[in-house]
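Chemist: This is the structure I want to talk about, given as structure tokens.
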Amino acid sequence: MRQISMRDAINEALHLEMARDPRVIVLGEDVSGGAGGTSGQRDAAGGVFGVTKGLLPKFGEDRVIDTPISESAIIGAANGAALAGLRPVAELMFADFLGVCFDQVFNQAAKFRYMFGGKTTCPIVIRAATGAGMNMGAQHSQSMYAMVTGVPGLKVVVPSNAYDAKGLMLTAIRDDDPVIFFEHKALYPRKSAVPEGEYTIPFGEANLVREGEHVTVVAIGRMVSFAEKALDTLAAEGITADLLDPRTLSPLDDETIYESLENTGHLVIIDESPPRCSVAADIAGLVASNAFHALKAPIVQLTPPHTPVPFARELERAYVPGPQAIEAAIRKMLKESRAAS
Amino acid sequence: MSLPRDLLLRAYRQMKTIREFEERLHVEIQTGEIPGFTHLYSGQEAVAVGVCEHLSNQDWIASTHRGHGHCIAKGCDVQGMMLEIYGRRDGLCKGKGGSMHIADMTKGMLGANAIVGGGPPIAVGAGIACKIAKRGNVAVAFGGDGSANQGTVFEAMNLAVVLKAPVIFVFENNGYSEHTGASYAVGSGDIAGRARGFGMPAETCDGSDFFAVYDTMAKLLKTARAGGGPATLEAKTTRFFGHFEGDPMLYRAKDEVARHREQMDCLRIFRERVAKEGWLQTTELDAIDGEVMALIEKSIAASRAAVPPSAADLLTDVYVSY
């Protein structure tokens with residue numbers, strides 16, 4: 001099968017869904033680009049990461065809307081358009097910019113349906129580039145998904161590869177609830193086998209990336225590929241793992257984690273967001289409450305430290321949990337567990 | 001030139017309904033039966049009605065924390081609203097929204113909004129939907145002088161100008177942002193002037209005069225419906241009660257409300273005008289008063305007797321599917 005990048009996979013999903021459903025619109029800063037520029041060229045950007053490239057020439061200015069740098073207005077307009085019957089896909093550019101539009105996300109979109117007694121839907125998708133690894137500094141590199149995962153009414157998607165990204169994006173646009181879709185910047189160029197045409201991946205179903213017997217590894221977003229690297233190395237030492245990619249953090253497929261733990265008894269959670277009130281902490285809490293009996297060792301949460309994302313290459317490398325840190329954590333956990341038993 | 005009789009009668013009925021709804025709530029809130037806190041619209045009726053009489057169910061409005069008047073003017077069911085404010089199961093939002101979150105999409109009512117400045121960006125989105133549908137519909141963003149100082153409102157106004165979205169920003173300048181005077185908090189003192197700075201036409205009118213609001217809105221809507229982009233209406237008005245019920249209004253001169261009730265009562269001004277012009281008979285208006293009082297009485301009685309939501313309702317309507 002053809003291999004395409006996650007950038008192209010999401011782009012393809014947007015093309016397919018805009019062609020299928022005239023209610024789908026795309027709006028955000030530079031989603032096309034070039035409006036008002038001196039060259040006269042439109043589609044000059046196609047999004048700062050090129051994810052929305054080619055949409056404007058195909059679907060026109062009514063449906064592919066370049067906006068000013070006004071995040072509250074972008075997300076607010078997406079909300080209003082959704083209440084009025086459209087299915088907007090709003091690009092926030094960087095997930096860090098949730099900071100300038102959070103009211104529209106958690107006071108408005110998340111609560112309309114409940115506050116209005118179930119009499120409306122708010123089918124928006126907010127696309128946001130996430131994650132560290134590109135030396136973009138503290139305000140363009142965060143993993144903010146825990147903040148929205150904790151808000152009832154929102155759904156949260158964090159794809160780890162091109163195939164999932166396309167199927168999850170099609171599901172997200174067709175979903176009647178507000179969805180925050182986190183796209184890891186470092187994954188945009190990474191290719192995987194992606195079928196042409198439409199397919200959807202349901203929310204709330206974890207992907208069992210690989211099966212093993214000694215440990216259950218839950219990894220989120222970019223951490224999935226790092227975990228795979230670590231597990232490749234550990235396989236030579238006879239250590240194998242169930243590697244679970246939750247794919248959606250809300251809803252979260254916690255049952256699959258419990259089932260895996262019945263076999264392995266050991267849980268390592270790898271999360272790129274800081275440790276306090278993180279998705280890792282949430283999963284650890286759920287497991288402690290619901291599958292404590294299956295645990296043979298303390299849960300390991302592998303996260304960055306409780307710091308902002310640093311800038312310098314060396315510091316950022318030290319910040320992100322990499323394959324070697326994951327290997328080391330798994331080795332240490334299993335060694336201590338064996339020693340204790 | 002006179003407006004059609006049925007329009008005049010309906011406009012009066014709407015304004016009177018809002019007034020009685022609010023004056024009665026002011027009384028009923030003292031009983032402790034109504035949960036939470038409430039912001040009353042008394043005094044501003046001519047603005048909501050003068051604007052909404054131009055709108056159909058296919059036009060949208062985004063409202064504010066002081067939203068009862070907008071809801072009634074846009075056609076929301078009065079008893080359903082009262083039930084909602086009492087937190088009853090059969091309220092317009094099943095008792096899950098309350099006074100500050102009444103909405104009805106079937107009436108083009110995008111919701112009251114407890115966040116000052118929350119509504120205008122949403123109205124722009126509804127305006128974008130109108131623009132795409134090309135049926136000449138519009139969205140109206142209601143806000144107060146307080147919202148005129150929110151950055152989200154500036155973002156919404158600029159975006160509407162950039163996209164030529166059919167949105168009318170209606171600022172009800174009632175003189176107070178909560179407990180602080182607009183003369184202090186609105187730096188330039190000129191909200192319409194700010195709107196012009198964004199590149200849209202803006203008009204100021206007497207918000208106590210239904211006819212002034214209605215006529216000014218007609219003018220602004222003409223260009224918006226024809227694809228000319230957004231416009232702003234600043235209506236100078238007053239509120240007869242505090243920011244919220246229970247507000248002792250220490251920031252207002254002792255006689256201010258009494259004076260405003262005497263000089264700026266939009267219902268009295270309307271009655272005097274239609275009598276002077278010979279457009280409507282006093283007996284017709286008195287008959288409407290009676291019907292409105294009966295409707296409010298019935299709504300209060302129904303709300304008192306109604307059942308609250310059940311515990312199971314807590315868990316529904318969070319998601320469409322999860």
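Chemist: Might you let me know whether the stretch A:61-72 holds any residue that is small (Gly, Ala, Ser), within 30 Å of residue B:104 (Cα to Cα) and in the same structural domain as residue A:164 (by TED's automatic domain parsing)?
Modeler: Yes.
To keep it simple, each residue is scored yes or no on (1) more than 9 Å from every other protein chain (Cβ to nearest Cβ); (2) surrounded by fewer than 24 Cβ atoms within 10 Å (Cβ to Cβ).
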| residue | (1), (2) |
| --- | --- |
| B:87 | yes, yes |
| B:102 | no, no |
| B:109 | yes, no |
| B:120 | no, no |
| B:124 | no, no |
| B:140 | yes, no |
| B:145 | yes, no |
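Chemist: Which one of the conditions (1) out of contact with any Pro (no Cβ under 7 Å at 6 or more places or on another chain); (2) free of Cβ contacts under 8 Å to residues at least 40 places away in the same chain; (3) more than 19 Å from residue B:48 (Cα to Cα) does residue B:152 fail to meet, given that it meets all the rest?
Modeler: For residue B:152, the exception is condition (1).
Chemist: Considering (1) touching a residue at least 12 places away in the same chain (Cβ under 8 Å); (2) in a helix (DSSP H, G or I), say which one residue A:317 fails and leave the rest.
Modeler: Of the numbered conditions (1) touching a residue at least 12 places away in the same chain (Cβ under 8 Å); (2) in a helix (DSSP H, G or I), the odd one out for residue A:317 is (1).
Chemist: Within the stretch B:173-194, which residues are of a type in the set (S, T, N, Q) and either touching a residue at least 24 places away in the same chain (Cβ under 8 Å) or surrounded by 13 or more Cβ atoms within 10 Å (Cβ to Cβ) (or both)?
Modeler: Passing the criteria: B:173, B:174, B:177, B:180.
Chemist: Turning to a different aspect of this structure: Report whether or not residue B:213 is surrounded by 14 or more Cβ atoms within 10 Å (Cβ to Cβ) and without any contact (Cβ under 8 Å) to a residue 60 or more places away in the chain.
Modeler: Considered against the rule, which asks whether it is surrounded by 14 or more Cβ atoms within 10 Å (Cβ to Cβ) and without any contact (Cβ under 8 Å) to a residue 60 or more places away in the chain, residue B:213 comes out as no.
Chemist: Can you tell me which of (1) touching a Ser or Thr at 6+ places or on another chain (Cβ under 9 Å); (2) within 14 Å of chain B (Cβ to nearest Cβ); (3) not hydrophobic (A, V, I, L, M, F, W, C) is the one residue A:80 doesn't meet?
Modeler: (1)
Chemist: Can you pull out every residue in the stretch A:140-158 that is under 22 Å from residue A:201 (Cβ atoms) and touching a Phe, Trp or Tyr at 6+ places or on another chain (Cβ under 8 Å)?
Modeler: A:143, A:145, A:148, A:153, A:154, A:155, A:156, A:157, A:158
Chemist: When you scan the stretch A:97-110, do you find a residue that is more than 7 Å from every other protein chain (Cβ to nearest Cβ) and either among the charged types (D, E, K, R) or in contact with a His (Cβ under 7 Å, 6 or more places away or on another chain) (or both), even just one?
Modeler: Of all residues in the stretch A:97-110, those more than 7 Å from every other protein chain (Cβ to nearest Cβ) come to A:97-102, A:105-106, A:109-110.
After this cut, where a residue has to be either among the charged types (D, E, K, R) or in contact with a His (Cβ under 7 Å, 6 or more places away or on another chain) (or both) as well, the list is none.
Scanning the stretch A:97-110, I find no residue that is more than 7 Å from every other protein chain (Cβ to nearest Cβ) and either among the charged types (D, E, K, R) or in contact with a His (Cβ under 7 Å, 6 or more places away or on another chain) (or both), so the answer is no.
Chemist: A follow-up question, please. So which of A:134, A:115 is hydrophobic (A, V, I, L, M, F, W, C) and more than 19 Å from the chain's Cα centre (by Cα)?
Modeler: Result: A:115 is the single residue among A:134, A:115 that is hydrophobic (A, V, I, L, M, F, W, C) and more than 19 Å from the chain's Cα centre (by Cα).
The rows are residues; the columns are (1) in contact with a Lys or Arg (Cβ under 7 Å, 6 or more places away or on another chain); (2) within 21 Å of residue B:130 (Cβ to Cβ).
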{"site": "A:24", "(1), (2)": "yes, yes"}
{"site": "A:50", "(1), (2)": "yes, no"}
{"site": "A:55", "(1), (2)": "no, no"}
{"site": "A:68", "(1), (2)": "no, yes"}
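Chemist: Among the numbered criteria (1) touching a strand residue (DSSP E or B) at 6+ places or on another chain (Cβ under 6 Å); (2) of a type in the set (Phe, Trp, Tyr); (3) within 30 Å of residue B:152 (Cβ to Cβ), which single criterion is violated by residue A:163?
Modeler: The failed condition is (3).
Chemist: Which helices (runs of 4 or more DSSP H) does the stretch A:1-108 wholly contain that include 1 or more residues that are of a type outside the set (A, V, I, L, M, F, W, C) and crowded, with 18+ Cβ neighbours inside 10 Å?
Modeler: Ranges flagged: A:6-20, A:71-83.
Chemist: Limited to the stretch B:98-134, what total is found for residues that are in a helix (DSSP H, G or I), closer than 13 Å to residue B:70 by Cβ and free of Cβ contacts under 8 Å to residues at least 40 places away in the same chain?
Modeler: Residues of the stretch B:98-134 in a helix (DSSP H, G or I): B:99-101, B:105-107, B:119-133.
From what's left, closer than 13 Å to residue B:70 by Cβ: B:99-101, B:107, B:119, B:123.
With the extra rule that they be free of Cβ contacts under 8 Å to residues at least 40 places away in the same chain, the set shrinks to B:101.
The number of residues fulfilling the criteria is 1.
Chemist: Also: What residue, among those in the stretch A:112-152 that are at positive phi and crowded, with 23+ Cβ neighbours inside 10 Å, is nearest to the other protein chains (Cβ to nearest Cβ)?
Modeler: A:117
The values are calculated or read from the model by the stated rules, or taken from the named source; none is laboratory data. All of these numbers come straight from a predicted model, not from anything done at the bench. With ideal geometry, Cβ positions are generated from the backbone for all residues, glycine too; neighbour counts draw on all protein chains shown.
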